[in-house]
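First comes the structure, then the notes that go with it.
Here, each number is a calculation from the coordinates, and none is a lab measurement. None of the values given here were measured: they were computed from a predicted structure. We place every Cβ from the backbone using ideal geometry, glycine too, and count neighbours over all the protein chains shown.
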Amino acid sequence: RLEIIINNTECAFDTKECEDLQEMLKTNTSLQYLKIGDNILSDLTAEHIAAGLVHNHSLKELDISENNITSVGATSIFRALVSNTTLESLDMSNNDLQSTPNSPSLPTSSSNTSSLSPPSQLLAQPTPALSTTHCQPLSPSPTPHDGGVDAAMADMLSHNSTLTELNVSRCGLTPQSCVSMFIALKHNSSLKKLDISGTTFDQAASEALADMLSCNQSLTELDIYGCGCQPKALARGLLHNTTLTKVTVLDRKEKDSIMAALEGLRSEEGHTQQPDPEVARCGQVLRSFWDDD
């Protein structure tokens, strides 16, 4: 297998290097791991990567964490993954995915890019985000940010069937971003690990997470460290989920609050057995950030 690692080098690809990277992804059939995190890569680099991913049939893991990628670059990546059928792991953590662009978009024509198709022509346009109804996909509805990164991520999660790990922790996602994501994940059948730690939830995001956990049948690990998820909402989701083996929350205090909410919900449902086997099952799934595995 071929693996390329260019981590923590403060490397900013120039236009020619971006074009070379795109061409390599389009034509190389042995590259499986590309790790270029902790550099100063821009949206221009992300757009070229996305254009390459549309044609790539070998890459399994892509790490572009801790770069200068904004909503424009992230949108391109997510749109490319709607049709990509090989990538299994994507790490975009520590990029500000809700910020405005920090570099020019990929040029549509120039003397040194005439042989390359611009990503805007290669990538499929996103369908609008889904609406919420418990375990029932409905007609799409618009999302904020002009239907950009939120809609693109939701569209990818609705259609991609090979991605098993997604890390979008500390990416500045809004509560509405999370709602769109969770709606899409209701019927996703491939994603097993999701890290959205460092994201701020509101009540709507918490309830959307609960609905997703009640319907999703593939997710096994969820990291919501520092998200401030409402305990009762998370408890409701956990009680109806049968696949999760690990959910990471902030600390013992938050874990205790969720356990109390679990006991309260079971009591409201008329379950009086002590200890309650369902509460115990959910307790085995919950981990605080400071717990030993």
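Tabulated data for the structure shown
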read-out	value
Inter-site label distance for Asp291 and Ala204 at 7 Å from Cα along Cβ, in nm	3.1 nm
Shape box of segment 173-279 [Cα atoms, principal axes, largest first, Å]	39, 28, 21
Gained length - Ser218 relative to Asp20, 0.36 nm times residue gap less alpha-carbon distance	67.6 nm
Greater than 23 Å apart at Cα, pairs in Lys192/Lys253; Lys60/Lys192; Lys35/Lys193	Lys192/Lys253
Between segment 44-66 and segment 252-269, the alpha-carbon center distance in angstrom	42 Å
Near-label residues of segment 79-100 by backbone N, under 13 Å of a point 7 Å along Cα→Cβ of Ser161	83-86
For Lys35, residues with placed amide H under 5 Å, excluding near neighbours	Ile4, Ile5, Ile6, Asp63
Amide proton proximity set for Ser288, modelled H, under 5 Å, gap of 5+	Val249
Sequence ranges 273-286, 41-54, ranked by mean other-Cβ count within 10 angstrom, highest first	41-54, 273-286
Relative packing of 233-244, 71-82, which averages over residues the other C-beta atoms within 10 Å, highest first	71-82, 233-244
Protection-proxy order for peptides 58-70, 260-272, each taking the mean of Cβ atoms within 10 Å per residue, highest first	58-70, 260-272
Full-stretch length increase - Thr272, Ser89 - with 0.36 nm per residue and alpha-carbon distance subtracted	61.6 nm
